[in-house]
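What follows is a short report on a single structure.
The values are calculated or read from the model by the stated rules, or taken from the named source; none is laboratory data. Nothing here was measured: the structure is a model prediction, and the numbers come from that model. When we count neighbours, we look across all protein chains shown, and the Cβ atoms used for this are built from the backbone with ideal geometry, even at glycine. For accessibility, only protein heavy atoms count, side chains too; no ligands or nucleic acids. Shrake-Rupley method; radii C 1.70, N 1.55, O 1.52, S 1.80 Å.
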Amino acid sequence: MWSDGPLCYGGDYNPEQWPARVWAEDVALMRQARVNLVTVGVFAWSRLEPAPGRYTFDWLDQVLDLLHAGGIRVALATPTASPPPWFSLAHPGALPVTADGVRLHHGSRDTYCAAAPAYRQAARRIAAALADRYAHHPALALWHVHNEYGTTCHCEHTARAFRRWLTTRHGDLATLNDAWTTSFWSQHYSDWAQISTPRATQYLANPGQLLDFRRFWSDTLLAAYAEQRDLLRAANPAIPITTNYVLGDWVPVDHARWAAEVDVVAVDHYPSAVDVGAEEQTALAGDLARGWAQHAAACRPAPATAAGRGSPAVPDHGAPAAPAWLLMESAPNQIHTAGRIHAKEPGRMLRHSLAHVARGSRGAMFFQWRAPTGGAERFHSALVPHAGPDSRVFREAVELGAALARLTEVDGRVEASVAIAVDAASGWALRHPGLPSTRLDHHEEVAAAHRALWHAGYGCDTVTPGDPLDGYRLLVLPALYLAGDATADWVREYVRGGGHLLATYLSGAADEHARVRPGGYPGALRDLLGVRAEEFHPLAEGDHIPLAGGGTGRIWAETLHLAGADAVTSYAGGILDGRPAVTRHRWGAGTTWYVSTRPDEDTYRRLLDTAARAAGAAPVHPDAPAGVEAVRRRGERVSWLFLFNHTDREQRVPARGVELLTDAPVDAALALPPGGVAVLRESGT
Ligand code: GLA
């Protein structure tokens, strides 16, 4: 159901937290809200296996049967993110160890080491038991493996596994020593046994070791996922399998690399800003998820079966297949921000949900169905809040269910003329200690570029280095710090063929081992960009550097020499006075821009707008008023336009077609109320 048919609607359902008499009311309320999919069992391990190898499935049997009778499908989770107390007592060596060498104890969730054989074995056993019992249950629509892979560990199991991984990656110690530059600070390794995980150390850690540890750990978590996936698949190949991605720059998972291993990319998204920042973050999260789904589609041929896995059914209107992804969790109400909880304003749950659907999500799922009375997250919002169904939130949940039911026909590719490159390894490497500034952040640079393009009205895809770039007018590299030769060639080919490129500072400055490319920044891309940066000038928090012609730069500045490029903007004042800040260069059949600082928000929006227009890109809806977001899905014969009014005034938006949420024909323009959403099946586009 995630790839065609009605959009998925529901969320995490934890019946084990409630007496059985509440379950019937749950199902009745779900039906009232048109919930059609719930995630069950995510944290239920201790209730499913109260003692090693002893299973108590009776309650889950009842729940699944009840849901099935109510017409509600199930994303059945394997509960491996929260081992029961007996497991930790029996296997203290499988508890995780921090970089400081502190062993963590049972008492929260995620207290396991994903490299510990005892944990892996116990996880496989409970997953196999669930597969054995439920793989053919008629309510089962999706397997949801684990929850938000993201923990790390520094125990001896991990160190051994790290060494094994390193032998595969580097082959021999000479290659590893070279990649990690171990001649610096006497770190040369003469035996694999000398290598450990990057534990807490005296001063700055080795950047090559830090980076490889991140890569290794992502692969380790992926292996833990894949072994569960394989046994679930063997039990019933028709059921799709996924795991929910948690987003954040701390996450030790390369989501792009994982995308080809899941049948549907599923993401959890919780904005941290309360104002328009929440809309910006929502748009970025949706574009990231779609980018990973597209990356997966580019990496592997879609399975041919119509029965289930991996092949979005071709819809009636003949839309080109759009890689499916699913918003697996979001908050029905509160936004948690800097120690404060902010209630989402009326209508915002609908707006956020449809912003994800607009970007290709096959529905809107929430954490959680019913708010618990106890437990660590007792005050987290829920579709059925503590106040019960007689509440604004539940009424909005009912409205959302009705709205989603009206959007079943929406499909097709999301219109995007700009691609933003995202690279997990660059994100990790820019977090290393010993960089010229602690303010360097690939993910924040991605967000800044996306924000600027979002405000300027452009549809953006996110891409992984190496992805196909056909059809994109502009490629943005936001501090894409690591560029191995393959990445540099990928960019080069795009520009050689006529593509337009905008790269920001430090893109291509280092190779895939985080070693600086000598000869001037930005290393691998110098000739392409027609510049050579000789020195960097990091700016402190709150500092800015004026740009000639208005605007300011933040975070970073450079002593930049022109080597073929023209200066578009220069620095004004100080030691960089008159030196180029932003440049443009013709190379191959294409054009490249280099931005050696982070322009303020308005300047960056204008700059990206200029670069995009020069590349032949256009905003999704050029006539949309300021503050109205437009996202278009395009099929072969039909297109759908999602409009979101992020202002507090009614807005008139030129449009023609049929508005699907109200069934109202629209002849020339649509009046969008403050905070309103509309979805048009367009005519005449
Ligand atoms: C994550 C987890 C959920 C819950 C929510 C709270 O997304 O997957 O179990 O903890 O966060 O926001």
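What number of residues within the stretch 37-51 satisfy the criterion of being open to solvent by 10 Å² or more (accessible area, probe 1.4 Å) and either away from the ligand (no atom under 15 Å from the Cβ) or modelled with pLDDT under 95 (or both)? Total meeting the criteria: 4. Modelled with pLDDT of 95 or more, touching a helix residue (DSSP H, G or I) at 6+ places or on another chain (Cβ under 7 Å) and closer than 22 Å to L672 by Cα: does that describe E415? When the stated conditions are applied, E415 does not pass them.
Among the residues making up the stretch 279-290, none is under 13 Å from S353 (Cβ atoms) and in contact with a strand residue (DSSP E or B) (Cβ under 6 Å, 6 or more places away or on another chain). So, in the stretch 248-259, of the ones that are in contact with a helix residue (DSSP H, G or I) (Cβ under 6 Å, 6 or more places away or on another chain) and at pLDDT below 95, which residue ends up farthest from L142 (Cα to Cα)? Looking at the filtered set, the residue picked out is D249. Within the stretch 189-217, residues that are under 17 Å from V253 (Cβ atoms) sit with their Cβ atoms under 7 Å from residues that are outside any loop (DSSP other than H, G, I, E, B) and open to solvent by 60 Å² or more (accessible area, probe 1.4 Å), at 6+ positions apart or across chains, in these pairs: D212/R169. Pairs meeting the criteria (first residue in the stretch 30-54 and under 23 Å from S391 (Cβ atoms), second residue hydroxyl-bearing (S, T, Y) and buried (at least 19 other Cβ atoms within 10 Å of the Cβ), beta carbons under 7 Å, at least 6 apart or on different chains) are R34/Y9; V35/Y9; N36/Y9; L37/Y9; V38/Y13; T39/Y13. Has the stretch 206-222 got at least one residue that is open to solvent by 50 Å² or more (accessible area, probe 1.4 Å), more than 28 Å from G286 (Cα to Cα) and either away from the ligand (no atom under 16 Å from the Cβ) or outside any loop (DSSP other than H, G, I, E, B) (or both)? Checking the stretch 206-222: at least one residue is open to solvent by 50 Å² or more (accessible area, probe 1.4 Å), more than 28 Å from G286 (Cα to Cα) and either away from the ligand (no atom under 16 Å from the Cβ) or outside any loop (DSSP other than H, G, I, E, B) (or both). Candidates in the stretch 135-156 are the residues that are surrounded by 19 or more Cβ atoms within 10 Å (Cβ to Cβ) and not in a loop (DSSP other than H, G, I, E, B); of these, the one that is nearest to the ligand (Cβ to nearest atom) is H144. Checked against the criteria, P654 counts as over 20 Å from G347 (Cα atoms) and loosely packed, with under 14 Cβ neighbours inside 10 Å. Per the conditions (1) in a loop (DSSP other than H, G, I, E, B); (2) within 20 Å of the chain's Cα centre (by Cα); (3) closer than 18 Å to D287 by Cβ, the sole criterion not satisfied by H450 is (1). So which residues in the stretch 1-22 are charged (D, E, K, R) and either within 16 Å of the ligand (Cβ to nearest atom) or outside any helix (DSSP H, G or I) (or both)? Selection gives D4, D12, E16.
Table: residues versus (1) open to solvent by 10 Å² or more (accessible area, probe 1.4 Å); (2) outside any strand (DSSP E or B); (3) farther than 30 Å from G553 by Cβ; (4) touching a Ser or Thr at 6+ places or on another chain (Cβ under 8 Å).
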site	(1), (2), (3), (4)
T592	no, no, no, no
T603	yes, yes, no, yes
L643	no, no, yes, no
R649	yes, yes, yes, no
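Within the stretch 464-478, residues that are of a type in the set (D, E) have Cβ atoms under 9 Å from residues that are at pLDDT below 95 and not in a loop (DSSP other than H, G, I, E, B) in these pairs: D467/A298; D467/C299, counting only partners at least 6 apart in sequence or on another chain.
Give the residues of the stretch 250-261 that are within 16 Å of the ligand (Cβ to nearest atom) and open to solvent by 30 Å² or more (accessible area, probe 1.4 Å), sorted by residue number. Of everything in the stretch 250-261, just one residue is within 16 Å of the ligand (Cβ to nearest atom) and open to solvent by 30 Å² or more (accessible area, probe 1.4 Å), namely W250.
G412 fulfils the conditions (1) within 16 Å of the ligand (Cβ to nearest atom); (2) at positive phi; (3) small (G, A, S) except for a single criterion, (1). Note on the stretch 268-285: residues that are away from the ligand (no atom under 16 Å from the Cβ) and part of a helix (DSSP H, G or I) total 6.
Quick grid of which residues meet (1) among the basic types (K, R); (2) open to solvent by 40 Å² or more (accessible area, probe 1.4 Å); (3) more than 16 Å from the ligand (Cβ to nearest atom); (4) in contact with a Pro (Cβ under 8 Å, 6 or more places away or on another chain):
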{"residue": "R340", "(1), (2), (3), (4)": "yes, yes, no, no"}
{"residue": "P346", "(1), (2), (3), (4)": "no, yes, yes, no"}
{"residue": "H352", "(1), (2), (3), (4)": "no, no, no, yes"}
{"residue": "V357", "(1), (2), (3), (4)": "no, no, yes, no"}
{"residue": "R362", "(1), (2), (3), (4)": "yes, no, yes, no"}
{"residue": "M365", "(1), (2), (3), (4)": "no, no, no, no"}
{"residue": "P389", "(1), (2), (3), (4)": "no, yes, yes, no"}
{"residue": "E396", "(1), (2), (3), (4)": "no, no, yes, yes"}
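When the stretch 223-249 is filtered for residues that are open to solvent by 20 Å² or more (accessible area, probe 1.4 Å), under 18 Å from S3 (Cβ atoms) and part of a helix (DSSP H, G or I), the ones remaining, listed by number, are R229, R233. Residue-level check: of (1) of a type outside the set (S, T, N, Q); (2) open to solvent by less than 10 Å² (accessible area, probe 1.4 Å); (3) within 15 Å of F43 (Cβ to Cβ), L67 misses just (3).
Considering every residue within the stretch 566-580, establish whether at least one is under 28 Å from Y472 (Cα atoms) and either outside the structural domain of S437 (by TED's automatic domain parsing) or assigned to a loop (DSSP other than H, G, I, E, B) (or both). No, the stretch 566-580 contains no residue that is under 28 Å from Y472 (Cα atoms) and either outside the structural domain of S437 (by TED's automatic domain parsing) or assigned to a loop (DSSP other than H, G, I, E, B) (or both).
A Cβ distance below 7 Å, combined with a sequence gap of six or more or placement on separate chains, defines the contacts here; from the stretch 318-329, residues that are within 16 Å of the ligand (Cβ to nearest atom) reach residues that are at pLDDT below 95 in the pairs L326/W2.
Condition test on R164, is it over 28 Å from the mean Cα position of the chain (by Cα) and either within 28 Å of T242 (Cα to Cα) or in the same structural domain as Q121 (by TED's automatic domain parsing) (or both)? Yes, satisfied. Every residue in the stretch 84-111 that is in contact (Cβ under 8 Å) with a residue 40 or more places away in the chain and within 16 Å of the ligand (Cβ to nearest atom), please. S108, R109, D110, listed by residue number.
For every residue, the table says whether it meets (1) of a type outside the set (K, R); (2) surrounded by 17 or more Cβ atoms within 10 Å (Cβ to Cβ).
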residue	(1), (2)
A371	yes, yes
H380	yes, yes
H386	yes, no
V393	yes, yes
G401	yes, yes
R406	no, no
V414	yes, yes
V418	yes, yes
H442	yes, yes
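H432 meets the conditions (1) more than 16 Å from the ligand (Cβ to nearest atom); (2) in a helix (DSSP H, G or I); (3) open to solvent by less than 50 Å² (accessible area, probe 1.4 Å); (4) touching a Leu at 6+ places or on another chain (Cβ under 7 Å) in every case but one. The failed one is (2).
Of the numbered criteria (1) open to solvent by 50 Å² or more (accessible area, probe 1.4 Å); (2) at pLDDT 95 or above; (3) small (G, A, S), the one A565 fails is (1). Summed over the stretch 657-672, the residues that are surrounded by fewer than 20 Cβ atoms within 10 Å (Cβ to Cβ) and under 17 Å from D623 (Cα atoms) give a count of 4.
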